[in-house]
Amino acid sequence: MSPAITVRNLVKSYGDHHAVKGIDLDVEEGEILAFLGPNGAGKTTTIEILEGFRPRTGGEVTVLGEDPETAPLEWRERIGIVLQESEPVPELTALEAVTMQSAYYSNARNPAEVLDIVGLTDSANQRTRKLSGGQKRRLDLALALIGNPALVFLDEPTTGFDPSARRESWDMIERLRELGSTVLLTTHYMDEAEQLSDRIVVIADGRIVARGTADELARKVNAVTQITWRPRPDDPKPPERMGWTEDAQGRAVIASNDVVVNLHALTSWATEMSVDLPELNVARPTLEDVYLQLTATSEVSA
Ligand code: ATP
């Protein structure tokens with residue numbers, strides 16, 4: 001695999017405000033990378049530099065083999081961009097909108113096929129002004145895909161969606177993987193990043209604070225699995241060597257990464273003592289827990 005995006009020591013300042021402070025980034029061909037960070041961290045700035053819409057202050061950037069600042073027009077044809085908000089021409093049908101867009105590309109996909117990819121076949125002849133919010137986002141993706149792009153930028157693709165529309169969008173994004181597209185995804189939903197991405201890069205205050213798979217990030221912050229249960233007042237106490245503590249909600253907690261060993265010790269003890277461990281639960285750290293830790297401290301470096 002060759003890199004679709006290579007960024008070295010990228011710097012962007014707005015006057016004396018340093019929004020991006022020397023970041024490195026690699027996105028491999030065919031990979032779905034989630035680019036995460038709190039509001040104002042520098043995501044949009046970075047992405048718009050990669051898309052060729054903003055000049056950089058310093059550093060080197062290569063996207064699909066070209067510097068976005070000097071790339072020829074044909075380069076833009078190989079990139080699909082799905083923005084957070086967009087308004088298609090209201091009088092056109094979905095199929096007409098996609099067909100019209102296809103005229104701009106020399107290597108366009110078949111419009112009906114693209115509507116199928118995004119699940120809009122049934123609404124192909126619907127005027128775009130009559131499409132629901134979720135359907136409009138599908139059309140946005142169709143418009144981005146019509147040029148058969150090698151690289152797709154997805155900016156918060158499911159913000160404002162209801163849970164079932166989100167799941168459908170996820171299926172749609174998974175299809176991009178099957179089509180071999182490279183995807184750079186920004187989102188504030190950690191479950192979305194975990195579900196869709198091969199790798200995650202976290203930016204905070206203009207610097208990359210972590211990168212890797214969700215599991216690698218969890219290890220980075222030493223996030224541990226929690227075994228919890230709610231002891232009854234008369235239950236015997238488990239032995240101290242099990243390393244349990246009591247939390248503010250009155251639950252017993254064993255925080256550990258040796259889950260099988262600890263669970264075995266706990267359930268063996270419980271069987272012996274005829275204790276039934278009410279509300280027994282094993283919770284792996286979520287990406288959200290890990291992300292909050294990563295963005296709260298700047299001690300962890302990528
Ligand atoms: P969000 O999640 O809110 O979209 P972000 O990570 O995309 O945030 P950016 O929009 O890249 O963040 O902004 C990074 C910093 O640069 C912020 O402090 C922002 O106020 C500042 N900034 C962004 N665009 C400009 C601009 N055109 N002029 C001056 N400052 C800007």
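The values are calculated or read from the model by the stated rules, or taken from the named source; none is laboratory data. Please read these numbers as outputs of a predicted model, since none were measured by experiment. All Cβ positions, even for glycine, are placed from backbone atoms using ideal geometry, and neighbour counts span all protein chains on display. Just the protein is used for accessible areas: all its heavy atoms, side chains included, with ligands, DNA and RNA removed. Shrake-Rupley method; radii C 1.70, N 1.55, O 1.52, S 1.80 Å.
Summary of values
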read-out: Residue that is farthest from residue 4 (Cα to Cα) [pool: residues in the stretch 58-72 that are away from the ligand (no atom under 16 Å from the Cβ) and touching a residue at least 24 places away in the same chain (Cβ under 8 Å)]; value: 60
read-out: Check on residue 208, touching an Asp or Glu at 6+ places or on another chain (Cβ under 9 Å) and closer than 25 Å to residue 30 by Cα; value: yes
read-out: Within the stretch 55-75, tally of residues that are surrounded by 17 or more Cβ atoms within 10 Å (Cβ to Cβ) and either assigned to a loop (DSSP other than H, G, I, E, B) or modelled with pLDDT under 90 (or both); value: 4
read-out: Positions within the stretch 248-289 being out of contact with any Gly (no Cβ under 9 Å at 6 or more places or on another chain), among the aliphatic types (A, V, I, L, M) and outside any helix (DSSP H, G or I), in sequence order; value: 248, 252, 253, 275, 277, 280, 282, 283
read-out: Close pairs (8 angstrom Cβ cut-off, 6 or more residues apart or separate chains): away from the ligand (no atom under 11 Å from the Cβ) in the stretch 41-57, in a loop (DSSP other than H, G, I, E, B) anywhere; value: 50/68; 51/68; 52/68; 52/69; 52/71; 55/69; 56/69
read-out: Any hit, the stretch 233-245, residues being of a type in the set (A, V, I, L, M) and under 30 Å from residue 56 (Cβ atoms); value: no
read-out: Residue within the stretch 272-281 that is open to solvent by less than 30 Å² (accessible area, probe 1.4 Å), in contact with a helix residue (DSSP H, G or I) (Cβ under 9 Å, 6 or more places away or on another chain) and not hydrophobic (A, V, I, L, M, F, W, C) present; value: no
read-out: Tally, over the stretch 11-39, of residues that are near the ligand (Cβ under 10 Å from one of its atoms), free of Cβ contacts under 8 Å to residues at least 60 places away in the same chain and open to solvent by 60 Å² or more (accessible area, probe 1.4 Å); value: 4
read-out: Helices (runs of 4 or more DSSP H) completely within the stretch 117-233 that count 2 or more residues being farther than 23 Å from residue 97 by Cβ and either touching a helix residue (DSSP H, G or I) at 6+ places or on another chain (Cβ under 7 Å) or more than 16 Å from the ligand (Cβ to nearest atom) (or both); value: 163-178, 190-196, 214-220
read-out: Residue 123 being small (Gly, Ala, Ser) and either open to solvent by 70 Å² or more (accessible area, probe 1.4 Å) or modelled with pLDDT under 85 (or both); value: no
read-out: Matching residues in the stretch 1-15 - criterion: being within 18 Å of residue 204 (Cα to Cα) and not basic (Lys, Arg); value: 7, 9, 10, 11, 13, 14
read-out: Condition met for residue 8 (more than 10 Å from the ligand (Cβ to nearest atom), at pLDDT below 95 and either loosely packed, with under 15 Cβ neighbours inside 10 Å or of a type outside the set (Val, Ile, Thr) (or both)); value: no
